[in-house]
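Quick notes on the structure that follows.
The values are calculated or read from the model by the stated rules, or taken from the named source; none is laboratory data. Everything quoted here is computed from the prediction, not taken from an experiment. Here the Cβ is made from the backbone with ideal geometry for all residues, glycine too, and neighbour counts use every protein chain on show. Only protein heavy atoms, including side chains, enter the accessible area calculation; ligands, DNA and RNA are left aside. Shrake-Rupley method; radii C 1.70, N 1.55, O 1.52, S 1.80 Å.
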Amino acid sequence: MSSQNINQLAGHLFRHEAGRMAAVLARLLGSDRLQTAEDIVQDTLVKAMETWRYNGVPDNPSAWLYRVAKNKALDFIRSRQRHDKIHSEIAKEIHSEWTLPTSVNRMFSVPEIEDSQLRMMFATCHASIPEESQIALTLKILGGLSIKEIAHAFLASEETIQKRIARAKDRLREEKINLELPPPHLLADRLDAVLKVIYLLFSEGYHPSESAVEIREDLCEEAMRLAHFLIQNPATHRPKVLALMALMCLQAARFDSRSSAEGPITLELQDRSRWSQRLMNEGFRLLEQASEGDELSEYHVEAAIASVHMKAASFEDTTGTNSCHSTTSSKI
Amino acid sequence: MFIFHGGSSGSSLSPAEAQTNMQKWFAWVEKLQKENRYLSGEPLEPRGKLVSGSKKLVTDGPFAEGKELVGGYFVIHAKDLDEAVVISKDCPDFEYNGKVEVRPVMKM
């Protein structure tokens, strides 16, 4: 074992893989078996933790995790088949031993994983689930955060978050919300709901609050990661999504310069050299791309305001600053 | 020999906590290797059989509660038991109520 092991696990490998596996497993087992999907993910990570600490990280850690998760899923499906039907889109395939291993394997391929995550997003952000429950469930399932971590980020009690998640799961079951992409005529509305959750998630992380900086950064990063899924899929690659991502990039560029030991620093006083040039450029580029169509969303407006502020060399140079005092959040 | 009981694998860690815990284990093993103390280590599967009595009765394991289950072992170099105990205190699983059984391997 070498220091390479430690680097290989840099970032949020476990958290992100937990999200991927939960989305795929829920798709395999049906949205009424979300808990089973989560249990399999938990067991898989425990197995990795128990084994890797002695033997080191395998060459392809993700593939290792998927193999374990697949086998656990197969065991579960095989033990259930006869008396307890599985309700999922691929139920037919998995009810026959001929096609079962192949379809489980296929579901763990990269395109299917991405597709499953997208489907899961539309399910966890379904309009029949109360908004605060949508946010909590999205973070739990797709973000791989525990109830304790979500509670910490939202300065809520674990019991409150637990309730929100339980309610979301009940709704998924009661309303028989399938893990599928919405049909074209519903897509725009359903996408709005998803974007709203992403926006709220980002705002929660972005606003200076009592919770630790790392947790707030995690929320922002998670929001951007979810938006990235939407951008990557042709069905959801829409100007509105690009505008929201542009807004988040422009705000995130200022993350480090907004706070000091004495408290938040407003836009006027921020050290502009500390803004992330990479995120700023990404934000400008996305905003330009978002403005190619004739769609204009609230995200376009907010991103445009942020970009005006950030293109200027100093706060005084900002054109029309007086008319741009829209919200305090755009100033921090 | 360090025999690890319970700890992180017995408690339900979040993915992020599990990853942090594992990184601590890697760092520990690396430190032991740098000091030329680490000899070997293996995880044990959480299943097994127990064969006992004159009738050689076979029972299914595991043989302890989840929180007491042996997860694996390390064999390390130490000058005596006291030194081994000091070294064992770096085990990252104490924060999850893990236990380390420290046993000298008998020299023939």
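Any idea which residue in region B:20-46 is nearest to B:Gly61 (Cα to Cα), counting only those that are touching a residue at least 40 places away in the same chain (Cβ under 8 Å) and charged (D, E, K, R)?
Of everything passing the filter in region B:20-46, B:Lys24 is nearest to B:Gly61 (Cα to Cα).
Has region A:95-114 got any residue that is surrounded by 20 or more Cβ atoms within 10 Å (Cβ to Cβ), closer than 18 Å to A:Leu201 by Cα, more than 14 Å from chain B (Cβ to nearest Cβ) and under 25 Å from the mean Cα position of the chain (by Cα)?
no
Tell me the strands (runs of 3 or more DSSP E) entirely within region B:20-108 that contain at least 2 residues that are of a type in the set (Phe, Trp, Tyr).
B:70-76
Looking at region B:28-45, which of its residues are open to solvent by less than 50 Å² (accessible area, probe 1.4 Å) and within 7 Å of chain A (Cβ to nearest Cβ)? Lay out the reasoning, then the answer.
Taking region B:28-45 first, the residues open to solvent by less than 50 Å² (accessible area, probe 1.4 Å) are B:28-30, B:32, B:38, B:40-41, B:43.
B:Val29, B:Glu30, B:Gly41, B:Pro43, listed by residue number.
Which of (1) open to solvent by less than 40 Å² (accessible area, probe 1.4 Å); (2) among the polar types (S, T, N, Q); (3) more than 9 Å from chain A (Cβ to nearest Cβ) is the odd one out, the single condition B:Asn21 does not satisfy?
Here B:Asn21 meets the rest and fails (3).
Hey, A:Ala168 hits all of (1) open to solvent by less than 30 Å² (accessible area, probe 1.4 Å); (2) among the hydrophobic types (A, V, I, L, M, F, W, C); (3) touching a residue at least 60 places away in the same chain (Cβ under 8 Å) but one; which does it fall short on?
(3)
Table: residues versus (1) in contact (Cβ under 8 Å) with a residue 40 or more places away in the chain; (2) assigned to a helix (DSSP H, G or I); (3) touching a Lys or Arg at 6+ places or on another chain (Cβ under 8 Å); (4) among the hydroxyl-bearing types (Ser, Thr, Tyr).
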residue: A:Gly144; (1), (2), (3), (4): yes, no, yes, no
residue: A:Lys148; (1), (2), (3), (4): no, yes, no, no
residue: A:Leu172; (1), (2), (3), (4): yes, yes, no, no
residue: A:His185; (1), (2), (3), (4): no, yes, no, no
residue: A:Ala235; (1), (2), (3), (4): yes, yes, no, no
residue: A:Ala243; (1), (2), (3), (4): yes, yes, no, no
residue: A:Leu247; (1), (2), (3), (4): yes, yes, no, no
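Quick one: would you say A:Leu155 is away from every other protein chain (no Cβ under 14 Å) and either assigned to a helix (DSSP H, G or I) or open to solvent by 20 Å² or more (accessible area, probe 1.4 Å) (or both)?
Against the criterion (away from every other protein chain (no Cβ under 14 Å) and either assigned to a helix (DSSP H, G or I) or open to solvent by 20 Å² or more (accessible area, probe 1.4 Å) (or both)), A:Leu155 qualifies.
If I filter region B:61-68 for residues that are open to solvent by 30 Å² or more (accessible area, probe 1.4 Å), modelled with pLDDT under 95 and under 13 Å from the mean Cα position of the chain (by Cα), do I get at least one hit? Full working, then the answer.
Keep residues of region B:61-68 that are open to solvent by 30 Å² or more (accessible area, probe 1.4 Å), which gives B:62-68.
Those still in the list that are modelled with pLDDT under 95 too: B:62-68.
With the extra rule that they be under 13 Å from the mean Cα position of the chain (by Cα), the set shrinks to B:67-68.
Looking for residues that are open to solvent by 30 Å² or more (accessible area, probe 1.4 Å), modelled with pLDDT under 95 and under 13 Å from the mean Cα position of the chain (by Cα), one finds at least one in region B:61-68, hence yes.
Please go through region A:42-78 and pick out each residue that is within 12 Å of chain B (Cβ to nearest Cβ), among the hydrophobic types (A, V, I, L, M, F, W, C) and open to solvent by 10 Å² or more (accessible area, probe 1.4 Å). Show your work before the answer.
The first filter runs over region A:42-78 and keeps only residues within 12 Å of chain B (Cβ to nearest Cβ), leaving A:42-57, A:61, A:65.
Going one step further and asking which of them are among the hydrophobic types (A, V, I, L, M, F, W, C), we end up with A:45-46, A:48-49, A:52, A:57, A:65.
A:Val46, A:Val57, listed by residue number.
Against the conditions (1) modelled with pLDDT under 90; (2) under 27 Å from A:Gln35 (Cα atoms), where does A:Phe229 fall short? Just the number, please.
With respect to (1) modelled with pLDDT under 90; (2) under 27 Å from A:Gln35 (Cα atoms), A:Phe229 is out only on (1).
Determine the pairs where a residue that is within 11 Å of another protein chain (Cβ to nearest Cβ), located within region B:1-14, has a partner that is open to solvent by 30 Å² or more (accessible area, probe 1.4 Å) and modelled with pLDDT under 75 with Cβ atoms under 8 Å apart, the partner being 6 or more residues away or on another chain.
Note: pairs meeting the criteria are B:Gly10/B:Gly66; B:Gly10/B:Lys67; B:Ser11/B:Lys67.
Scan region A:84-100 for residues that are at pLDDT below 75 and outside any loop (DSSP other than H, G, I, E, B) and report the count.
Counting residues in region A:84-100 that are at pLDDT below 75 and outside any loop (DSSP other than H, G, I, E, B) gives 4.
Step by step: first the residues of region A:115-152, then only those that are among the basic types (Lys, Arg) and within 14 Å of chain B (Cβ to nearest Cβ), then the one that is surrounded by the most Cβ atoms within 10 Å (Cβ to Cβ). Which residue is that?
Here the answer is A:Lys140.
Every residue in region A:22-36 that is in contact (Cβ under 8 Å) with a residue 60 or more places away in the chain, part of a helix (DSSP H, G or I) and not basic (Lys, Arg), please. Reasoning before the result, please.
Of the residues in region A:22-36, the ones in contact (Cβ under 8 Å) with a residue 60 or more places away in the chain are A:22-24, A:26-28, A:30-32, A:34-35.
Cutting the leftovers down to part of a helix (DSSP H, G or I) gives us A:22-24, A:26-28, A:31-32, A:34-35.
Those that are in contact (Cβ under 8 Å) with a residue 60 or more places away in the chain, part of a helix (DSSP H, G or I) and not basic (Lys, Arg): A:Ala22, A:Ala23, A:Val24, A:Ala26, A:Leu28, A:Ser31, A:Asp32, A:Leu34, A:Gln35.
In this structure, does A:Glu222 turn out to be closer than 26 Å to A:Phe14 by Cα and in a loop (DSSP other than H, G, I, E, B)? Spell out how you get there, then give the answer.
Numbers: closer than 26 Å to A:Phe14 by Cα: yes; in a loop (DSSP other than H, G, I, E, B): no.
Spelling it out, it is not the case that A:Glu222 is closer than 26 Å to A:Phe14 by Cα and in a loop (DSSP other than H, G, I, E, B).
Which residue is modelled with the lowest pLDDT, if the candidates are limited to region B:70-94 and must be within 14 Å of chain A (Cβ to nearest Cβ) and open to solvent by 40 Å² or more (accessible area, probe 1.4 Å)?
B:Val70
Scan A:Glu302, A:Glu217, A:Glu295 and give me the residue that is open to solvent by 40 Å² or more (accessible area, probe 1.4 Å) and touching a Lys or Arg at 6+ places or on another chain (Cβ under 8 Å).
Values: A:Glu302 fails: touching a Lys or Arg at 6+ places or on another chain (Cβ under 8 Å); A:Glu217 fails: touching a Lys or Arg at 6+ places or on another chain (Cβ under 8 Å).
Exactly one of A:Glu302, A:Glu217, A:Glu295 is open to solvent by 40 Å² or more (accessible area, probe 1.4 Å) and touching a Lys or Arg at 6+ places or on another chain (Cβ under 8 Å), namely A:Glu295.
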